[in-house]
Amino acid sequence: EGERVQNETTTNVFEEDDDVMFEKNVPKCRLARILEEVNMLRKANPDFRIYLTGHSLGGALALLTALEVAAKWGTNQNPVTYIGIGNPRAATISFRDVVETLEREGKLRCLGVHHHLDIVPMMPNAPMNVQKKNAYCQVGFQMLLRSDELEMKYSPTDDSSSSSWQKSIGARMAKAVSRVDKIPVRHHYLTYMSRLQSFQAPLDKLHLNDYYNEFVKPGLFSGSDKKMTPTHVSASQDGQSAAEHEADENE
């Protein structure tokens, strides 16, 4: 987002071997301990911003935590920011509506970064007979990384239940599963880092606050001077070229 943090404190709240976030039969659940640690860091560093991020399942867990943190401590001047990398659909449309409420209150910002042929962000996929409110979906803004461009969309505005978006997901899903051997590579975090590098130059000019002010609620956050909010952005030719990315996908 163009921000440069001079003093930064990073903590890994999921560092224990047990990957179960919500433990049973213990005095205090994992989430409660996470919130305690975040609160201590927040009090010790009141001017710091809170970012929660994770890759794959870690991204889904970070989103659930971000909702709790934003509801407790998010403010319009200092919103909680969630960034998921290749994260699966973590919850239902009802959950997404709660996220949108916090976004419109200026307490939370959400961005999911997804490779367009990574099958994980398209899962779990709901059967046709599932009621809309019970269907799983992404939340907030989605940055869809293609070989030569990225696409920005806001989920509640153009959600996964719309016919056009559902057809797009169906086409991407079919192409993704046609090369099962590519699934691990497309989902790997190093693949995401490489793809994002090719978009570094245009991304340096974009600000998430501007997108929120344009597509969610005018004047929600302090925006940049340029106020650029393109929904499609071409990749730079720095690092791996778009042609090389395309070749990787079609091998």
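The values are calculated or read from the model by the stated rules, or taken from the named source; none is laboratory data. Quantities reported herein were computed from a predicted structural model and do not represent experimental measurements. The area values use the complete protein model at the heavy-atom level, side chains included, leaving out ligands, DNA and RNA. Shrake-Rupley method; radii C 1.70, N 1.55, O 1.52, S 1.80 Å.
Using 0.36 nm times the number of residues separating residue 181 and residue 32, minus their current alpha carbon distance, what extension gain do you get?
Values: separation 149, 0.36 × 149 = 53.64 nm, distance 3.94 nm.
Contour length minus the Cα-Cα distance gives 49.7 nm.
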Extension length gain for residue 222 and residue 78 (0.36 nm per residue less Cα distance), in nm, is 50.8 nm
Residue span residue 39 to residue 134: 0.36 nm per residue of separation minus Cα-Cα distance leaves a gain in nm of 31.0 nm
Counting only protein heavy atoms with a 1.4 Å probe and every protein chain in place, the carbon and sulfur fraction of the accessible surface of the stretch 51-141 in whole percent equals 57
In this structure, among 43/107; 153/227; 72/205; 107/153; 153/217; 28/72, pairs with alpha-carbon gaps over 22 Å are 72/205
